[in-house]
Amino acid sequence: MGEILLAIVLGPVLWLAGALVFDAVHWVLHLLLRSRIAWLRGLARPHAVHHEWIDRSLVTNWELQSANVRCHIVPEYLTQLAFTGLVALVLPLPFAAMLGALQTSVFAGMLYYRGRDVNHRPAARIDAHPPGWLTPPSYHALHHVWPDAYFSAYTKLVDRIVGGGAQIAQRRFGWLGPDSTLGAALRSEVERAGGLAASDPEIPGSVDVLVLLDPAVPLDAPVEAFIRETRDRQLPPEVWALRARAEDPLARHYRTDVRVVFRTLLVPDVVPDSASSRRAACRALFWIRRDADFVSLGSSCSLAALRRFRRTSPLAPAGAELVRHRMQFADLPSGSGRCD
Ligand SMILES: [Zn+2]
Ligand SMILES: [Zn+2]
């Protein structure tokens, strides 16, 4: 009896472990899809059907609905059952039975919705995903736009291990602010990772990620202007801001603002030379790929700086149009919420 109770209590934990195994399998499938060897690509081909069903423009191709069930939902369920089989080898039967029951109910739910579960429903505007470990539907939507990143389905653990928490390649970067050794190192690291230079950072619509290079300039004017320019886009804008101090109330606010994916990059106390700038840029990209919202670029203790940042009270920008979802932008008259 005690064993059954324990199996019921631990069931969700085991289910999450199974989901993480599938996240890892998912990452491998995308590696295979990029392989030069045809039969390896063929092995992962069924997963490509899932991405054709909801394509990179987030358009649902209804004619592939049944193919998605066959090629994605059923194999995902079978992978999870294989994990349950392994659990049955090491844990008493009630644990495997509980896990199998949970996986089967989720599978039944997905079949009921024909694949249109919470992660696969159309949205005219996608919110910025929050920092932390959870992956809401806004995070999985990014995987459909950028299939070589954002692999995790429930928690970011696998993305944090494989560096799949942010797309750099093919995104257009706008660089705003004065030239500096650190800014140049960051720019060259982004270009090395395949990031593109926006045709003109001043032209609305030409930038996916805005990098604010002046650590001293107030954040609200450039960030609010960028949010206004991108409010009608389906995908949320992203800002990386160099900051001089961890105690930055505006940066602390933007960290959880649904209008923008925001990352604070704390600059070192002393002006870095070119070698330490390169190291700082590498460190920035390493952590951004793990969806870090705060990276300390200096050599001093990063955890202490992170603690100071987290303890800072957030301050909302004056006059900004604060919404709970980007969808609410649609209800606002154009040009409202100017940050005067
Ligand atoms: Zn999907
Ligand atoms: Zn995928």
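Data for the structure
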{"read-out": "Residues of the range 154-166 that turn out to be touching a helix residue (DSSP H, G or I) at 6+ places or on another chain (Cβ under 7 Å) and part of a loop (DSSP other than H, G, I, E, B), as a count", "value": "4"}
{"read-out": "Subset of the range 46-61 [surrounded by 13 or more Cβ atoms within 10 Å (Cβ to Cβ) and either in contact (Cβ under 8 Å) with a residue 24 or more places away in the chain or hydroxyl-bearing (Ser, Thr, Tyr) (or both)]", "value": "PRO46, HIS47, HIS51, TRP53, ILE54, ASP55, LEU58, THR60"}
{"read-out": "Residue in the range 217-232 that is closer than 17 Å to ALA124 by Cα and touching a Ser or Thr at 6+ places or on another chain (Cβ under 8 Å) present", "value": "no"}
{"read-out": "Residue list for the range 212-266, restricted to those being of a type in the set (S, T, N, Q) and either free of Cβ contacts under 8 Å to residues at least 12 places away in the same chain or within 17 Å of PHE309 (Cβ to Cβ) (or both)", "value": "THR256, THR264"}
{"read-out": "Residue in the range 15-34 that is part of a helix (DSSP H, G or I), farther than 15 Å from ALA101 by Cβ and aromatic (Phe, Trp, Tyr) present", "value": "yes"}
{"read-out": "Of residues in the range 135-153 being in contact (Cβ under 8 Å) with a residue 60 or more places away in the chain and either outside any loop (DSSP other than H, G, I, E, B) or in the same structural domain as ARG116 (by TED's automatic domain parsing) (or both), the one nearest to ligand 2 (Cβ to nearest atom)", "value": "HIS144"}
{"read-out": "Any hit, the range 178-199, residues being out of contact with any helix residue (DSSP H, G or I) (no Cβ under 6 Å at 6 or more places or on another chain), of a type outside the set (Gly, Ala, Ser) and in a strand (DSSP E or B)", "value": "yes"}
{"read-out": "Tabulated pairs, the range 62-73, first without any contact (Cβ under 8 Å) to a residue 40 or more places away in the chain, second aromatic (Phe, Trp, Tyr) and assigned to a helix (DSSP H, G or I), C-beta under 8 angstrom, 6+ apart or interchain", "value": "LEU64/TRP53; ALA67/TRP53"}
{"read-out": "Residues satisfying the stated conditions in the range 113-134, i.e. within 16 Å of ligand 2 (Cβ to nearest atom) and acidic (Asp, Glu)", "value": "ASP117"}
{"read-out": "Test for ALA141: is it at pLDDT 95 or above and closer than 20 Å to HIS325 by Cα", "value": "yes"}
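Yes/no matrix, rows are residues, columns are (1) among the aromatic types (Phe, Trp, Tyr); (2) more than 15 Å from ligand 1 (Cβ to nearest atom); (3) surrounded by fewer than 14 Cβ atoms within 10 Å (Cβ to Cβ):
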site: LEU99; (1), (2), (3): no, yes, no
site: GLY115; (1), (2), (3): no, no, no
site: PRO122; (1), (2), (3): no, no, yes
site: ALA128; (1), (2), (3): no, yes, no
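The values are calculated or read from the model by the stated rules, or taken from the named source; none is laboratory data. Since the structure is predicted, the reported quantities are computational estimates derived from the model, not experimental observations. Methodologically, a virtual Cβ is constructed for each residue, glycine included, from the backbone with ideal geometry; neighbour enumeration extends over all protein chains shown.
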